[in-house]
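Trainee: Questions regarding the structure given below will be posed in turn.
Laboratory data are not the source of any read-out in this text; all were calculated from the coordinates shown. Predicted model only: the values in this text are computed from it and were never measured. Glycine gets a Cβ as well: all are built from the backbone with ideal geometry, and neighbour counts include every protein chain shown.
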Amino acid sequence: MEKIECNHLDEISECAKLVINLCKHSKVWVFKGAMGAGKTTLIKAIASEMGVVDLVNSPSYGLVNEYADSKGNIFYHFDFYRIEDPMEAVDMGFHEYLESGNYCWIEWPEKVHGLLPEALMNISIKEVDRSQRQICITKSTNGGSDGIN
């Protein structure tokens with residue numbers, strides 16, 4: 001497990017660079033943390049560091065947002081907070097997104113636990129205090145269960 005300390009929002013770009021360096025070899029990244037822990041904020045910073053030119057925001061109501069960088073590479077950002085049944089993700093083509101070969105960033109992965117691939121990166125964000133976060137990163141190769149449940 002790798003730990004990154006983010007002591008203030010001003011450090012988010014540097015933290016995003018560290019996350020990218022640790023996770024770049026996997027296309028599926030799951031983000032776990034309490035409501036308001038900073039999952040979307042970290043994803044915005046990661047997207048910026050990866051050259052995404054589109055506006056990045058939470059896909060809470062549409063379940064998935066698609067972003068592109070200046071080279072035309074596509075990134076998918078999922079937020080499954082509002083789903084009641086994993087079949088909702090299946091019905092919207094979640095497997096096709098995962099198999100696309102593009103980066104998939106997933107918030108609230110516990111809602112679709114059984115649908116996740118074996119190999120993925122777990123990114124857990126813990127709120128230490130109002131402005132400080134601890135980011136823990138682990139690699140999962142056992143069906144996505146490391147750190148998801």
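Trainee: Work out, step by step, the length gained on full extension between LEU9 and GLU88: first 0.36 nm times the residue separation, then minus their alpha carbon distance; give nm to one decimal.
Mentor: That works out to 25.1 nm of additional length.
Trainee: What whole number of Å gives the distance from the Cα centroid of segment 18-53 to the Cα centroid of segment 58-102?
Mentor: 14 Å
Trainee: Assign one of three labels to segment 1-44, namely rounded, prolate or oblate, based on the Cα gyration tensor with a ≥ b ≥ c the square roots of its eigenvalues; rounded applies when a/c is under 1.5, prolate when it is not and a/b is larger than b/c, and oblate otherwise.
Mentor: oblate
Trainee: Provide ILE46, ILE135 in ascending order of the number of other Cβ atoms located within 10 Å of each residue's Cβ, fewest first.
Mentor: Taking fewest neighbouring Cβ atoms as first place, the list is ILE135, ILE46.
Trainee: Then there is this: Where in segment 55-149 are there trypsin sites (Lys or Arg not before Pro) that are in a DSSP coil and have at most 13 other Cβ atoms within 10 angstrom of their Cβ?
Mentor: Answer by residue number: LYS71, ARG82, ARG130.
Trainee: What percent do you get for the relative contact order of the chain when only Cα pairs under 8 Å and 6+ apart count? Please report the intermediate quantities before stating the final value.
Mentor: Working: 282 pairs, mean separation 47.4, N = 149.
Averaging sequence separation for qualifying contacts and normalising by length gives 32 percent for the chain.
Trainee: Next question. May I ask you to list the lysines whose Cα is less than 20 Å away from that of LYS111, ignoring any residue fewer than eight positions away on the same chain?
Mentor: LYS27, LYS32, LYS39, LYS126, LYS139
Trainee: Right, another one. Using the number of other C-beta atoms within 10 angstrom as an exposure proxy, rank LYS17, LYS32, LYS24 with the fewest first.
Mentor: Listed from fewest to most nearby Cβ atoms, that is LYS24, LYS17, LYS32.
Trainee: Here's a follow-up. Order by neighbour count: HIS8, HIS113, fewest other Cβ atoms within 10 Å first, most last. Let's see the in-between values first.
Mentor: Numbers: HIS8 9, HIS113 15.
So the residues, fewest neighbours to most, are HIS8, HIS113.
Trainee: How many percent of DSSP beta bridges within segment 2-140 run antiparallel, rounded to 5? Let's see the in-between values first.
Mentor: On the way: 19 of 32 bridges.
If we restrict to bridges inside segment 2-140, about 60 percent are antiparallel.
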